[in-house]
Amino acid sequence: MQKKQMDKQKDKDGGRKKGKETAETAAGVSPVMRKLSRYVARAAGRAVPREVAERARLHLVDTFAAMISGSRLLPGRKAIEYVKPLGGREEAGVIGTRIVTTAQNAALANGMFGHADETDDTHPPSLTHPGTSVVPAALAIAERGRLSGETFLRAIVLGYDVCARMLLTLKPMPYLRSGHHAGATGQLFGAAAAAGALLDLTPLQVRYMLSYTGQQTAGLYTMFRDPEHIEKAYAMGGMPAHNGLQAAMMAASGWTGVEDIFSGERDFFHTFAPEAFDREDLARGLGKNYEMLRASIKRWPIGGPIQGPMHVLNDLMAEHGFGAGDVEKVIANMPDKELEIVDNRPMPDISVQHLLAVMLLDRKLTFESAHDFDRMKDPRVLRLRARVHAVGDPSLTDVQRRWRCVMEVHLKDGRVLRGQTMAAKGSFENPLTPQEENEKAIDLLAPVLGRKRALKLLDALWRIEEVKDVRTLRKLYMK
């Protein structure tokens with residue numbers, strides 16, 4: 001009874017002793033900031049709809065699989081080399097290792113693991129990858145505070161909302177054209193929101209947290225020039241996770257600052273929004289329209305734009321039973337803006353022509369085959385790759401980025417097979433089933449954890465709301 005009364009008082013005045021909101025301090029706070037800060041402060045105690053929780057579990061499993069597999073790739077190994085000697089208070093685990101370190105260090109490493117390559121989830125309308133920053137930040141605070149899995153999952157849902165809304169308010173394509181990168185901005189705010197909710201910040205403290213988050217907003221589009229994916233893993237995964245969590249911990253420790261960076265002279269949007277914007281988009285529909293339901297999971301551990309062509313080729317091969325030796329040529333029409341990202345790239349997991357050739361030869365695509373640089377020089381792959389033609393089609397370009405493709409496969413016997421998808425498997429309109437997610441996750445987890453432990457971890461993650469103490473997951477994900 002006493003706790004309920006305290007919670008009511010917290011909702012009423014914005015905090016207990018540490019951040020009590022008064023009429024004087026709130027006078028210059030805009031309605032949108034007031035609404036957003038209150039929503040973030042109450043999110044950990046607010047149940048989410050069943051459909052949202054089900055989708056959140058899919059993304060939680062997918063992100064863990066991405067982090068654990070990424071811990072063995074070059075960016076992951078570099079993250080481990082960096083955080084291992086730092087030591088610090090043992091608050092949170094570094095996934096796939098025996099390292100237990102500070103929450104900040106763990107969030108940094110796990111975030112880099114999540115985007116060590118192109119395996120992680122996305123929120124296509126905002127051009128962000130929420131899971132790779134939101135989940136590590138929330139996990140670190142949940143472990144540190146020995147919080148429940150149910151609370152942890154609610155914070156993740158919140159993080160996706162704030163991440164996506166920040167970019168949708170900024171307008172993602174103009175933001176990218178200005179030289180910034182969407183993920184390094186949206187994911188920063190999403191990670192901060194998730195961590196702040198788990199730290200039980202008051203609305204006033206949330207506003208201070210958002211101010212420190214805004215001060216750290218960064219991310220240059222130049223990250224795409226990184227040939228080894230290390231800087232990209234940092235800027236897209238580790239940096240937002242670490243810095244967002246850090247902003248939340250600063251506010252929790254009593255740091256004060258500017259209460260509203262989203263309004264007033266030379267505010268956040270004056271600095272970062274290159275085109276017209278509507279501040280109300282930050283909070284419009286909160287608690288009703290969940291951005292988790294517009295997030296997508298890659299069916300194959302490869303670049304998002306290749307999901308559509310891979311979906312259609314996989315279906316055509318299953319239906320007609322042809323193989324590499326039967327193919328004269330493949331014509332994959334795909335969104336022109338997405339083709340620019342994956343057209344004959346030098347990395348195997350983001351080259352559409354290479355991966356379609358590998359799929360034809362192997363009749364499947366695994367994490368190992370998608371990341372095998374040697375196969376990019378394999379004469380059989382190169383001969384087949386020359387028959388694969390990717391064509392950019394503006395009519396397929398879609399602001400929701402549902403991974404579309406219209407394909408023709410010309411066979412040597414004269415037949416022309418046609419297939420298409422307007423929402424590839426894994427897109428938010430055509431989500432993976434738990435069984436399909438499990439198949440993908442096992443392929444990523446088993447080489448690191450072993451199949452037996454991987455299955456136990458998956459079982460715990462699918463039942464995350466039943467976990468009383470998130471720290472108990474360590475015995476399943478540490479190696």
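When D117 is tested against (1) buried (at least 24 other Cβ atoms within 10 Å of the Cβ); (2) at pLDDT 95 or above; (3) among the charged types (D, E, K, R), just one condition goes unmet, and that condition is (2).
Restricting segment 236-284 to residues that are β-branched (V, I, T) and open to solvent by 30 Å² or more (accessible area, probe 1.4 Å), the residue that is farthest from A92 (Cα to Cα) is T271. With the structure loaded, tell me whether V134 is of a type outside the set (K, R), crowded, with 24+ Cβ neighbours inside 10 Å, assigned by the TED database to the domain that holds L168 and under 12 Å from the mean Cα position of the chain (by Cα) or whether it fails that test. Against the criterion (of a type outside the set (K, R), crowded, with 24+ Cβ neighbours inside 10 Å, assigned by the TED database to the domain that holds L168 and under 12 Å from the mean Cα position of the chain (by Cα)), V134 qualifies. Residues considered: A370, A295, A390, A318. Of these, the only one that is more than 30 Å from C163 (Cα to Cα), in contact with an Asp or Glu (Cβ under 9 Å, 6 or more places away or on another chain) and not β-branched (V, I, T) is A390. Can you confirm whether segment 177-190 contains a residue that is open to solvent by 20 Å² or more (accessible area, probe 1.4 Å), assigned to a helix (DSSP H, G or I) and free of Cβ contacts under 8 Å to residues at least 24 places away in the same chain? No, segment 177-190 has no match at all. Only one entry in V358, V312 is more than 12 Å from V409 (Cα to Cα), surrounded by 20 or more Cβ atoms within 10 Å (Cβ to Cβ) and in contact with a Ser or Thr (Cβ under 9 Å, 6 or more places away or on another chain), namely V358.
The values are calculated or read from the model by the stated rules, or taken from the named source; none is laboratory data. As the structure is a prediction and not an experimental result, all values here were calculated from the model. All Cβ positions, glycine included, derive from the backbone under ideal geometry; neighbour counts span all protein chains shown. For accessibility, only protein heavy atoms count, side chains too; no ligands or nucleic acids. Shrake-Rupley method; radii C 1.70, N 1.55, O 1.52, S 1.80 Å.
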